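Heads up: the structure comes next, in structure tokens.
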Amino acid sequence: MRRYGLILLALALWAGALAREGFDAWIDATALPPLLAETSVEVLDRDGALLRAYTVSDGRWRLAVTVDQVDPLYLAMLVAYEDKRFHQHSGVDARAMLRAFAQAVRNGRVVSGGSTLTMQVARLLEDGSTGEVAGKLRQMRVAWALERRFSKDEILTLYLNRAPFGGNLEGVRAATRAYFGKEPLRLTPAQAALLVALPQSPETRRPDRHAGRAAAARARVLARMERGGVIAAGRAAAALREAVPTARRAFPALAPHLADRMRAADPFRGAHRLTLDAALQGKLEQLAAAAVRGRGETMSAAIIAMDHRTGAVLASVGSAGYTDDRREGFVDMTQALRSPGSTLKPLVYGLAFDDGLAHPETLIDDKPTAFGAYAPQNFDGDYRGPVTVREALQMSLNIPVVTLTEAVGPAKLLAHLRRAGAEPIVPGGEPGLAVALGGVGVTLEDLTRLYAAMASGGRPVPLYWDMDAPPDTGPRAAVLSPEAAWHLGDILSGIAPPPGAPWNGLAYKTGTSYGHRDAWAVGFDGRHVVAVWLGRPDGTPVPGAFGAEVAAPVLFKAFQRLKADLEPLSPPPPATLMVGNTQLPQPLQRFRGREAVFAAAPDGPRVAFPPDGAEVETGGMLVLKVAEGTPPFTWLADGRPVAVASHERQEMIEGIGPGFVTLSVIDAKGRSGQAVVRLR
């Protein structure tokens, strides 16, 4: 009683002081407490859905929110219950204080408080007491100052972000996430009423600990809202029947590895907007966890899904369980350097196509072969003899791909892998023929970039996940020609799917590293690339783990979760040579090595024009002339056929762009000539 008397006396004195010039100066001189409070760092998906949030430094959940992000019904209830004249008073409501004093006199106890929402904000900002007279007077002064400097919506926003809701929950958005698992924009009357009631006594009314008290407090709010006409009687009655939440929900923790990377890269950024799709991310995290179930406590998995038309990452799963220490779940296996096994083989074949060394229908020998001191064997120890290049890649034979790597050059293989955006690490620094079989360190992201290039006509596709930092889309050197990339997609889409998976034309390749340490599967359709890894983060072997048996089923399931139907691969480019083996130029019918194809013969064909080393103005058309040799002739430009089975010694060619180009001519006896020229 004495407290209210002193407050009323102070009000009377200050009311009298309103006429004095010093009052305004006194309010204007008020030193406000800090208004900005640390809010939780948030990681959002492409549509703004919350992927993950972090507590602030003192361990509280405080998610930033504005008035327009909160249900209008809750705001109406809050004002009607706490401060009916919020939009009329200037921070202190003398009428409400007089009413509270009168009620206290009549009842012999405090029935209602006289604090306005602005005064409550002042208390929250200073974390001060409401009971002490000095504290109440200080709140009044700060409330007046707040009203002079900020709008009503801005003051309400301060309340929405600071109000306590029990435990370490601060702010209405943290409360709706924890108690209802939703954002505060759409609330039921029962939910809105509970949120109005909680800040008055957040610990004794916590629904997860005191559900009965929470329900009673909610009922009082609903009753007053019905009497005040805020909600109809029917809605109030229905709200009373709605169950009170009895447990707190976990805050979203999707894409934890990528979220950690974003936060570490820019710790002062309040919200990180990612290209990820929250629904797909959740599905693939569940798939990764299911993939290792029953395979031992130390097995893990990683999955990446991306749109190869844009480079946007749609899902990034770093492990089979972020908090599973037995699986070292905290290790982001999308970033780990591992041996890729056979997953680099398509790049070798693509480079051989571009160099004019092979065609999908070219015959190549699969037989015991020693490359100096290096004598690789096929995975099953068997040999098939002559096979087509198409069959060699589909069966993932080792001898043919090492043979082609020797012809292409392992350094070129790594150079084009880097063109795709990968950063391969070679043991010892000097690449050898073993790189074709996985003798190099790459990451799951690296393989995703490589297969994105294959799926996109040979052009590199920058991988990105930060919506606010899209990649540079300027011109880059091609990884493969469009024709070579199309051939690879056509070959890989003919690989049989794992048992039980649909034969849907998915272009994919599997790989198993030496010692069964890593199992891989990477695939693409006309729009998306998905890459899968399974193994142990510490690199120890996993007996019996083959890419085709372990990772491939996960790949197909990932695509099923990504979309209902695959999108067709791109049609073949116009210059694609689509013939059988017998229709190929003789040098392409059977692989004989780079030296055999391009070795000069005394009476063999010679590029007479343009001569080797020349610079030529083309004007869109290039004249080619051959001397010596036996017709018919086949002309290649950078390994791409531009004239086939021609009996003429002069050709007019169009469609060859400016820059350096290697021109090759092959005659009927398989002899060849070559010239490197620069076209302008």
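Say whether the condition of being under 30 Å from Tyr464 (Cβ atoms) and not hydrophobic (A, V, I, L, M, F, W, C) is met by at least one residue in the range 234-256. Spell out how you get there, then give the answer.
As a first pass, look at the range 234-256 and keep what is under 30 Å from Tyr464 (Cβ atoms): 250-256.
Retained after the next criterion (residues that are not hydrophobic (A, V, I, L, M, F, W, C)): 252, 256.
Within the range 234-256 (the criterion being under 30 Å from Tyr464 (Cβ atoms) and not hydrophobic (A, V, I, L, M, F, W, C)), the answer is yes, since at least one residue qualifies.
Could you identify the single residue in Gly511, Gly500 that is open to solvent by 10 Å² or more (accessible area, probe 1.4 Å) and farther than 17 Å from Ala305 by Cβ? Can you show your working first?
Values: Gly511 fails: open to solvent by 10 Å² or more (accessible area, probe 1.4 Å).
The unique qualifying residue is Gly500.
Out of curiosity, is Arg517 under 21 Å from the mean Cα position of the chain (by Cα), open to solvent by 30 Å² or more (accessible area, probe 1.4 Å) and closer than 20 Å to Leu534 by Cα? Step through it out loud before you land on a result.
Numbers: under 21 Å from the mean Cα position of the chain (by Cα): no; open to solvent by 30 Å² or more (accessible area, probe 1.4 Å): yes; closer than 20 Å to Leu534 by Cα: yes.
In short, no.
Inspect all residues belonging to the range 43-55 and state whether any of them is basic (Lys, Arg), open to solvent by less than 70 Å² (accessible area, probe 1.4 Å), modelled with pLDDT of 95 or more and not in a loop (DSSP other than H, G, I, E, B).
Scanning the range 43-55, I find at least one residue that is basic (Lys, Arg), open to solvent by less than 70 Å² (accessible area, probe 1.4 Å), modelled with pLDDT of 95 or more and not in a loop (DSSP other than H, G, I, E, B), so the answer is yes.
For the subset of the range 532-562 comprising residues that are part of a helix (DSSP H, G or I) and charged (D, E, K, R), which member is farthest from Ala453 (Cα to Cα)?
Keep residues of the range 532-562 that are part of a helix (DSSP H, G or I), which gives 547-562.
So of that shortlist, the ones also charged (D, E, K, R) come out as 549, 557, 561.
Details: Glu549: 26, Lys557: 23, Arg561: 23 Å.
Here the answer is Glu549.
Conditions tested, residue by residue: (1) touching a Lys or Arg at 6+ places or on another chain (Cβ under 7 Å); (2) β-branched (Val, Ile, Thr).
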residue: Ala190; (1), (2): yes, no
residue: Ala197; (1), (2): yes, no
residue: Thr204; (1), (2): yes, yes
residue: Ala216; (1), (2): no, no
residue: Val221; (1), (2): no, yes
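Given Leu584, Leu566, Leu577, Leu555, which one is of a type in the set (A, V, I, L, M) and open to solvent by 40 Å² or more (accessible area, probe 1.4 Å)?
Of the residues listed, the single one that is of a type in the set (A, V, I, L, M) and open to solvent by 40 Å² or more (accessible area, probe 1.4 Å) is Leu566.
State yes or no: is Pro400 open to solvent by less than 60 Å² (accessible area, probe 1.4 Å) and in a helix (DSSP H, G or I)? Break it down stepwise before answering.
Working: open to solvent by less than 60 Å² (accessible area, probe 1.4 Å): yes; in a helix (DSSP H, G or I): yes.
Spelling it out, Pro400 is indeed open to solvent by less than 60 Å² (accessible area, probe 1.4 Å) and in a helix (DSSP H, G or I).
Of all the residues that make up the range 447-476, how many are open to solvent by less than 40 Å² (accessible area, probe 1.4 Å), over 30 Å from Tyr374 (Cβ atoms) and of a type in the set (Ser, Thr, Tyr)?
1
Hey, can you tell me all the residues within the range 271-284 that are part of a helix (DSSP H, G or I), open to solvent by 10 Å² or more (accessible area, probe 1.4 Å) and more than 13 Å from Lys557 (Cβ to Cβ)? Talk me through it step by step, then tell me what you get.
Of the residues in the range 271-284, the ones part of a helix (DSSP H, G or I) are 278-284.
Adding the requirement that they be open to solvent by 10 Å² or more (accessible area, probe 1.4 Å) leaves 278-280, 282-283.
Scanning the range 271-284 gives Ala278, Ala279, Gly282.
Pick out, from the range 129-225, the helices (runs of 4 or more DSSP H) lying fully within it that include 3 or more residues that are over 24 Å from Asp58 (Cα atoms) and not charged (D, E, K, R). Steps first, please.
Working: elements: 133-149, 152-162, 172-180, 189-197.
Those helices (runs of 4 or more DSSP H) span 133-149, 189-197.
Could you pull out the residue among Leu444, Leu433 that is buried (at least 17 other Cβ atoms within 10 Å of the Cβ), touching a helix residue (DSSP H, G or I) at 6+ places or on another chain (Cβ under 8 Å) and over 14 Å from His308 (Cα atoms)?
Numbers: Leu444 fails: touching a helix residue (DSSP H, G or I) at 6+ places or on another chain (Cβ under 8 Å).
After ruling out the rest, the residue left standing is Leu433.
If you take the residues in the range 285-320 that are part of a loop (DSSP other than H, G, I, E, B) and under 17 Å from the mean Cα position of the chain (by Cα), which one is surrounded by the fewest Cβ atoms within 10 Å (Cβ to Cβ)?
First pass over the range 285-320, keeping only residues part of a loop (DSSP other than H, G, I, E, B): 293-299, 308-311, 318-320.
Now restrict to residues that are under 17 Å from the mean Cα position of the chain (by Cα): 308-311, 318-320.
Working: His308: 23, Arg309: 14, Thr310: 16, Gly311: 23, Gly318: 28, Ser319: 27, Ala320: 26.
Applying the filter and picking the extreme gives Arg309.
Going by the conditions given, is Val529 assigned to a strand (DSSP E or B), more than 22 Å from Thr403 (Cβ to Cβ) and either open to solvent by 10 Å² or more (accessible area, probe 1.4 Å) or out of contact with any Asp or Glu (no Cβ under 7 Å at 6 or more places or on another chain) (or both)? Spell out how you get there, then give the answer.
Numbers: assigned to a strand (DSSP E or B): yes; more than 22 Å from Thr403 (Cβ to Cβ): yes; either open to solvent by 10 Å² or more (accessible area, probe 1.4 Å) or out of contact with any Asp or Glu (no Cβ under 7 Å at 6 or more places or on another chain) (or both): yes.
Criteria met by Val529.
Cβ contacts < 6 Å: first residue among the β-branched types (Val, Ile, Thr), restricted to the range 667-680; second residue buried (at least 19 other Cβ atoms within 10 Å of the Cβ), any location; separation 6+ or different chain. Result?
Within 6 Å, the pairs are Val677/Pro610.
Residue check, Val244 against (1) closer than 14 Å to Leu195 by Cα; (2) assigned to a loop (DSSP other than H, G, I, E, B); (3) of a type in the set (A, V, I, L, M); (4) open to solvent by 40 Å² or more (accessible area, probe 1.4 Å), all met but one. Which one?
The number of the failed condition is (4).
Does Glu170 fit the bill of being of a type outside the set (Ser, Thr, Tyr) and open to solvent by 30 Å² or more (accessible area, probe 1.4 Å)? Can you show your working first?
Values: of a type outside the set (Ser, Thr, Tyr): yes; open to solvent by 30 Å² or more (accessible area, probe 1.4 Å): no.
Spelling it out, it is not the case that Glu170 is of a type outside the set (Ser, Thr, Tyr) and open to solvent by 30 Å² or more (accessible area, probe 1.4 Å).
Which residue out of Arg390, Arg476, Arg418 is over 30 Å from Val579 (Cα atoms), assigned to a helix (DSSP H, G or I) and among the basic types (Lys, Arg)?
Working: Arg390 fails: over 30 Å from Val579 (Cα atoms); Arg476 fails: assigned to a helix (DSSP H, G or I).
Step by step, each of Arg390, Arg476, Arg418 is checked, and only Arg418 is over 30 Å from Val579 (Cα atoms), assigned to a helix (DSSP H, G or I) and among the basic types (Lys, Arg).
Taking Thr630, is it among the hydroxyl-bearing types (Ser, Thr, Tyr), in contact (Cβ under 8 Å) with a residue 60 or more places away in the chain and more than 22 Å from Gly489 (Cβ to Cβ)?
Numbers: among the hydroxyl-bearing types (Ser, Thr, Tyr): yes; in contact (Cβ under 8 Å) with a residue 60 or more places away in the chain: no; more than 22 Å from Gly489 (Cβ to Cβ): yes.
Judged against the criteria, Thr630 is not a match.
Exactly one condition in (1) open to solvent by 20 Å² or more (accessible area, probe 1.4 Å); (2) closer than 22 Å to Asp93 by Cα; (3) out of contact with any Lys or Arg (no Cβ under 9 Å at 6 or more places or on another chain) is not met by Arg162; state its number.
(3)
I'm told Gly229 meets every condition in (1) open to solvent by 20 Å² or more (accessible area, probe 1.4 Å); (2) within 24 Å of Leu314 (Cα to Cα) except one. Can you identify the failing condition by its number?
All conditions pass for Gly229, except number (2).
Residue pairs, Cβ under 8 Å, 6 or more apart or interchain, first in the range 277-288 and under 20 Å from Gly48 (Cβ atoms), second of a type in the set (Gly, Ala, Ser) and open to solvent by 20 Å² or more (accessible area, probe 1.4 Å). List them.
Here the result reads Ala278/Ala49, each pair linking the range 277-288 to a residue that is of a type in the set (Gly, Ala, Ser) and open to solvent by 20 Å² or more (accessible area, probe 1.4 Å).
Given the condition assigned to a loop (DSSP other than H, G, I, E, B), closer than 24 Å to Thr403 by Cα, open to solvent by 80 Å² or more (accessible area, probe 1.4 Å) and in contact with a Lys or Arg (Cβ under 9 Å, 6 or more places away or on another chain), answer yes or no: does some residue in the range 640-654 qualify?
Narrowing the range 640-654 to residues assigned to a loop (DSSP other than H, G, I, E, B): 647-649.
Checking which are closer than 24 Å to Thr403 by Cα leaves us with none.
No, there is no match, as no residue in the range 640-654 is assigned to a loop (DSSP other than H, G, I, E, B), closer than 24 Å to Thr403 by Cα, open to solvent by 80 Å² or more (accessible area, probe 1.4 Å) and in contact with a Lys or Arg (Cβ under 9 Å, 6 or more places away or on another chain).
Identify the residue in the range 503-523 that is touching a helix residue (DSSP H, G or I) at 6+ places or on another chain (Cβ under 7 Å) and assigned to a loop (DSSP other than H, G, I, E, B) and, among all such residues, is modelled with the highest pLDDT. Show your work before the answer.
First, pick out the residues of the range 503-523 that are touching a helix residue (DSSP H, G or I) at 6+ places or on another chain (Cβ under 7 Å): 506-513, 518-523.
Applying the additional criterion that residues be assigned to a loop (DSSP other than H, G, I, E, B) yields 506, 513.
Working: Leu506: 98, Ser513: 95.
By that ranking, first place goes to Leu506.
Of the residues Arg123, Arg220, only one is farther than 26 Å from Thr66 by Cβ, open to solvent by 40 Å² or more (accessible area, probe 1.4 Å) and without any contact (Cβ under 8 Å) to a residue 60 or more places away in the chain; which? Reasoning before the result, please.
Working: Arg123 fails: farther than 26 Å from Thr66 by Cβ.
None of the other options fit; the residue is Arg220.
For residues in the range 252-270 being assigned to a loop (DSSP other than H, G, I, E, B) and out of contact with any Leu (no Cβ under 8 Å at 6 or more places or on another chain), which is surrounded by the fewest Cβ atoms within 10 Å (Cβ to Cβ)?
As a first pass, look at the range 252-270 and keep what is assigned to a loop (DSSP other than H, G, I, E, B): 252, 254-255, 266-270.
Keeping just the survivors that are out of contact with any Leu (no Cβ under 8 Å at 6 or more places or on another chain) gives 266-270.
On the way: Asp266: 13, Pro267: 8, Phe268: 6, Arg269: 14, Gly270: 11.
Checked the range 252-270; the qualifying residue surrounded by the fewest Cβ atoms within 10 Å (Cβ to Cβ) is Phe268.
Taking the range 606-619 as the search range and keeping residues that are part of a loop (DSSP other than H, G, I, E, B) and either within 15 Å of Thr662 (Cβ to Cβ) or small (Gly, Ala, Ser) (or both), which one is modelled with the highest pLDDT?
So the first thing to find is which residues in the range 606-619 are part of a loop (DSSP other than H, G, I, E, B), and the list is 610-614, 617-619.
Next cut, either within 15 Å of Thr662 (Cβ to Cβ) or small (Gly, Ala, Ser) (or both) only: 610-614, 619.
On the way: Pro610: 91, Pro611: 88, Asp612: 83, Gly613: 77, Ala614: 83, Gly619: 77.
Across the range 606-619, the extreme among qualifying residues is Pro610.
Just a yes or no: is a residue in the range 347-364 in a strand (DSSP E or B), over 29 Å from Asp525 (Cβ atoms), open to solvent by 10 Å² or more (accessible area, probe 1.4 Å) and modelled with pLDDT under 95?
no
The values are calculated or read from the model by the stated rules, or taken from the named source; none is laboratory data. The shown structure was predicted, so the numbers you read here are calculated from the model rather than taken from an experiment. Because the Cβ atoms are built from the backbone with ideal geometry, glycine has one as well, and the counts that use them run over all protein chains shown. Ligands, DNA and RNA are excluded from the accessible area calculation, which covers all protein heavy atoms including side chains. Shrake-Rupley method; radii C 1.70, N 1.55, O 1.52, S 1.80 Å.
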